Amino acid sequence: MTAETKTETTEFVSWFRSVAPYINAFRHKVFVIGFSGEMITDSNFVHFIHDINLLASLGVRLVLVHGARPQIRFRLDESQLETPTVMGMRVTDPAALQCVKESVGRVHHEIAALLSMGLPNSPMANAAIRVTSGNFVTACPQGVIQGVDLMHTGKVRKINAPAIHSRLEQGDVVLISPLGYSPTGEIFNLTMENVATETAIALHAEKLIFLLDAPMPSVNESIAFPRELTVAESKALLKNNKTKPAIPDNTRLSLQSATRACELGVARAHLINRQTDGVILQELFTHNGIGTMITQETLQALRKAKIEDVGGILQLIEPLEAEGILVRRGRELLEIEIDRFAVFEHDGVILGCAALYPFPEENACELACLAIHPDYRDHGHGNRLLKYIENQATTMGIHKLFVLTTRATHWFIEHGFSEVTPAELPKTKKGLYNYQRRSKVLVKQL
Ligand code: ARG
């Protein structure tokens, strides 16, 4: 094996292993995925279908909701039908409804056909996805808005969640159109966003995912659109309306819908720009994803360590121990001393830690084992961990914090520490001072 293929193999193996926790977490979970009619016309669409196939084969319960806006527009133009819009909504008169039914029907069947592929030597080989559809969406008219009757333009009134669940349990992929039916037997033209959101809420879905046609705008010249938003942050962002360029209408609708879904019990909503191939896999199977994720609560926590964190802390500190940046402490010692540790956690992964060792007789504390994952440095997490530890010390009534370091002297000086000689260490610590390691001793008065 050449060196190159060896690294490739190692990378492949470690990459595949890194995906395992997601495979386990997603099995049998319901994901509702909404995508526009524009996406269907894209040459990449078939790759998206391959990714859907992959998710289905991992046991994810999938509900696909498609749009058909450009197809409807094209059909209306073809029939030379003028349809006014009110507040961004098209009036669907009986003639327009005819076009809507034709376009939506065509799109629906094209998607079902792609999902039915099974060519050998393609990612769809042996797939045999069963696609199902039905009268799952009950709709009602939008009514009269600004004096205009929107006629067959409607909104979701009810989703038949038990019927969808039973199809999903049988292993089917459920494909839903942006059409709804009323108890009076009428058909209504709905938005994909409305149908996807209400379906996700009714199913208590784990995820609602929107594939966007455009990238997210920047918040300003130097700040990119947030990759993570709580419901409250998302609402504030929608209200402030300060992004540059302004959030495009469709993106705004997706963000509003995603926020509503999370507020009403959907665990996570994701907005991803569909332009790059494989985005959905990148979003779902990596820690940081690639899009914007909305959750009810923040995923970050700064807290006392628990015994379950030992594995995560070890993963974080072992490379630093190997480099000699931190003093080696084994799993056993860590288990014994876990109460002294604080951790910074993001979405279930430990990204930072620090420990506090009190020397009460000498009214001092040692800050030890401060570590931040290399990919998450320079985000102020170290500073926050330090503050947390300082707070712990002062609540214990201790006002002197010292630290031993070989490499981070400057960082500590910038954070209010000053260098002293090892002679100033508390007595018990002085006995343990390793003169070969020649760590610098720094102190901060709290
Ligand atoms: N892969 C994880 C998930 O699907 C995390 C995704 C994080 N994405 C983000 N845009 N911050 O839940």
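The values are calculated or read from the model by the stated rules, or taken from the named source; none is laboratory data. Here the structure is a predicted model, which means the values were calculated and not measured. Heads up, the Cβs are rebuilt from the backbone with ideal geometry, glycines too, and the neighbour counts pull from every protein chain shown. Side chains are part of the model used for accessible areas, which takes the heavy atoms of the whole protein and leaves out ligands, DNA and RNA. Shrake-Rupley method; radii C 1.70, N 1.55, O 1.52, S 1.80 Å.
Remarks
- Partners for Lys444 among aspartates and glutamates (Cα-Cα distance below 13 Å; same-chain residues under 8 apart left out): Glu366, Glu390, Glu414, Glu419, Glu424
- Charged neighbours of Leu190, selected by a Cβ distance under 14 Å, balance to +3 (K, R count +1; D, E count -1).
- Cα convex hull, the chain: 197 Å³ per residue, rounded to a whole number.
- Taken as Cα centroids, the range 369-446 and the range 75-112 sit 67 Å apart, rounded to the nearest whole angstrom.
- Around the Cα centre of the chain, unit charges on the Cβ atoms of Lys, Arg, Asp and Glu (plus for the first two, minus for the last two) sum to a dipole of about 760 debye.
- Summing +1 for each Lys or Arg and -1 for each Asp or Glu among the other residues whose beta-carbon sits under 11 angstrom from that of Ser36 gives -2.
- Take the range 225-310 with all the other protein chains still there, run a 1.4 Å probe, and you get 48 Å² of accessible area per residue.
- Summed side-chain charge close to Gly278 - residues other than Gly278 whose Cβ falls under 15 Å, Lys, Arg +1, Asp, Glu -1: -3
- Taking the Cα atoms of the range 111-269, the ratio Rg/Rh between the radius of gyration and the Kirkwood radius comes to 1.03.
- Between the C-alpha center of the range 113-129 and that of the range 143-171 there is a gap of 31 Å.
- Sulfur and carbon atoms: percent of accessible area, the range 1-159 [1.4 Å]: 56 percent
- Listed values for the range 305-321 are Karplus-derived 3J(HN,Hα) couplings in whole Hz (6.51 cos²θ - 1.76 cosθ + 1.60, θ = phi - 60°), namely 6, 10, 4, 5, 7, 3, x, x, 5, 4, 4, 6, 8, 4, x, 6, 5, and x replaces Gly and Pro.
- If the Kirkwood radius is taken over C-alpha pairs of the range 367-434, then at 10 °C and 1.306 mPa s the Stokes-Einstein diffusion coefficient equals 118 µm²/s.
- Apportionment of accessible area to carbon and sulfur, the range 272-388, percent (1.4 Å): 50 percent
- For the range 14-53, alpha-carbon Rg over 2.2 N^0.38 Å: 1.52
- For the chain, with +1 on Lys and Arg beta carbons and -1 on Asp and Glu, the positive-most of Met216, Val349, Pro245 along the dipole: Val349
- Of Lys207/Lys304; Lys306/Lys427; Lys155/Lys242; Lys242/Lys306; Lys158/Lys242, those spanning more than 32 Å from alpha-carbon to alpha-carbon: Lys242/Lys306; Lys158/Lys242
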